[in-house]
Every structure is written in structure tokens, then in C-alpha cells.
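Note sheet for the following structure.
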Amino acid sequence: MIAFNARSAWTIYKREVARALRTAMQSILGPVLTTVLYFVVFGAAIGGRMETMDGVNYGAFIVPGLLLLTLLSESTSNGSFGIYMPRFTGAIYELLSAPVGTAETLVGFVGAAATKSLILAAIILGTATFFVDYTILHPFYTLGFILLVSASFSLFGFILGIWADSFEKLGIVPVLFIVPLTFLGGTFYSIDVLPEPWRSVAMANPVVYLVNGLRWCFYGSSDFPIATSLGMTLAFLAICVAFIAWIFKTGWRLRS
């Protein structure tokens, strides 16, 4: 059995976190400003004219959805960019020839991507207090769910960064798939208000279950049982880990 090399994982992690901090203005301030605009437009302007949704003030109702929108897009982008740059510059061959295993590589790259997403989540939640009055009914479940989602989509981003062979492909999945699916996944509404057949269509969107899982952590109510959201997230995490293990075993896109 090969022992886990914590020092190697820590070295990769520190390097990736330092890289993220060098671009803090773009990578942190940008998403925060975008989220502020959502709160101003939807929470204050539109929310002030709407009734409560699921017994929650509309401005507070959209907080979990907006938080998840940032988590999904940023975790994916951070995870993909972190592994793509070594491939782009050729530094990936140094990593592959070093005595660093798959576990250490994942902990380093994915841990750094998830850390950046968690920092953004904390900043966004702090910013939201200036615009809406929200509560977190289950703080420990909320933290655990945010960690799980961040890790899962950082792993997904890692796969995307290995698959992509250009900067255009690197950004196509977050822009064309993740963000639209999040907007259509109940970020600004409960799917119970949708008429058929749109409600059935919405239930086919996997992001719906993530949004509702986080909303349950905040307010104790959602359109689906929390076990459904948790199960789907864990299944997605397991699929990503299995696929990455296959990538490192076969060298797909890494040694070519």
C-alpha cells in the first residue's frame, strides 16, 4: 500500500491558493459584485413587490440559489483552470514524473479550488446581510453541504481542465451549461409554482435538487427531501472520483 504524501499535497495546495490570491481582484471581486447586483435587482427591487415564497421573504428566499450559482460556476472554473495551466505550459510532465500520487494531486488541486469557492461563499453570505434579513436554520448542515458541493464541482472542473485543449473549451461548459441550468433550477422561484409540463421538465434538471438541498439547510423547507439532494450530490462526487482515477490510470489527455 502506498502511503499518502501529505507534504506533496500541501505543496500543490499552497501553490494553487497563492495563484488564486494573485488574481483576487478578478476572481473574487467580480463574482461578489455580480451577486450584489442580483440582490439589488431581484431582492430589493422585485422582491419588495412580491409576497413571501414558501413562507420566506423573497429576498431571503433567493440567497441559497445565488450562493449555489456562485459555488457551481466558481468551483468548476477554479478546478478546470488549475489543472489546465500546467497542461498548457508543459509543467504537467514534471508533476507526472514526480513521486506524487493521484490522491495527493486531487487533494492539492481540488482542495485549493474548493477553498477559493468557500471564501467566496463566506463573502457572499456576509454581503447578503446588507440587503436581506435571512437566517440559517441548520448551520452545520449548511457548511457540510457547501463543502460537498464545492468539492464535487471542483472535481468536475478538474475533469473539464483535462478534457479541454483550448481556452474556449475551458469556458464553454460553465457559460453554456452550468449557469443556465442554475438559473432554471429554482434559483429565483420554487418549482411548485410552475405549471405542467414545465414542472416535470424542471425536475429533470439536476441543479434543482442542489438548490433545494441548500435551501432546506437555510430554512428547513424545500421542494424535495434533503436525502434526495444529498444522495444525488454524493453520487456525482463518486462518479467524478472514479472518472479521475481512470484518467490517471490510462493517462488520457495527460500524456498526449
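The values are calculated or read from the model by the stated rules, or taken from the named source; none is laboratory data. All values reported here derive from a predicted model rather than from experimental measurement. Cβ placement follows ideal geometry from the backbone for every residue including glycine, while neighbour counts extend to all protein chains displayed.
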Residue identified as closer than 24 Å to A164 by Cα, not in a helix (DSSP H, G or I) and not charged (D, E, K, R) among V100, V132, V110, V149: V100
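In segment 16-39, what residues are without any contact (Cβ under 8 Å) to a residue 60 or more places away in the chain and in a helix (DSSP H, G or I)? If you could, list the steps in order and put the result at the bottom.
So in segment 16-39, the residues without any contact (Cβ under 8 Å) to a residue 60 or more places away in the chain come out as 18, 21-26, 29-30, 33-34, 37-38.
Selection gives A18, L21, R22, A24, M25, Q26, L29, G30, L33, T34, L37, Y38.
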Pick from segment 4-45, criterion at pLDDT below 75 and touching a Gly at 6+ places or on another chain (Cβ under 9 Å), ranking: farthest from S221 (Cα to Cα): A44
Filter result (over 27 Å from T135 (Cα atoms) and surrounded by 17 or more Cβ atoms within 10 Å (Cβ to Cβ)) within segment 166-209: L170, V173, P174
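Quick check on this structure: which one of G65, G59 is touching a residue at least 40 places away in the same chain (Cβ under 8 Å), in contact with a Gly (Cβ under 7 Å, 6 or more places away or on another chain), more than 24 Å from C240 (Cβ to Cβ) and in a helix (DSSP H, G or I)?
Numbers: G65 fails: more than 24 Å from C240 (Cβ to Cβ).
Sole residue among the options that is touching a residue at least 40 places away in the same chain (Cβ under 8 Å), in contact with a Gly (Cβ under 7 Å, 6 or more places away or on another chain), more than 24 Å from C240 (Cβ to Cβ) and in a helix (DSSP H, G or I): G59.
Here is a yes/no grid of residues against (1) buried (at least 18 other Cβ atoms within 10 Å of the Cβ); (2) of a type outside the set (S, T, Y):
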| position | (1), (2) |
| --- | --- |
| V211 | yes, yes |
| L214 | yes, yes |
| F218 | yes, yes |
| S222 | yes, no |
| I226 | yes, yes |
| A235 | no, yes |
| C240 | yes, yes |
| T250 | no, no |
| R253 | no, yes |
Criterion (of a type outside the set (V, I, T), closer than 26 Å to I172 by Cα, crowded, with 21+ Cβ neighbours inside 10 Å and touching a Gly at 6+ places or on another chain (Cβ under 9 Å)) met by exactly one of A121, A128, A112: A112
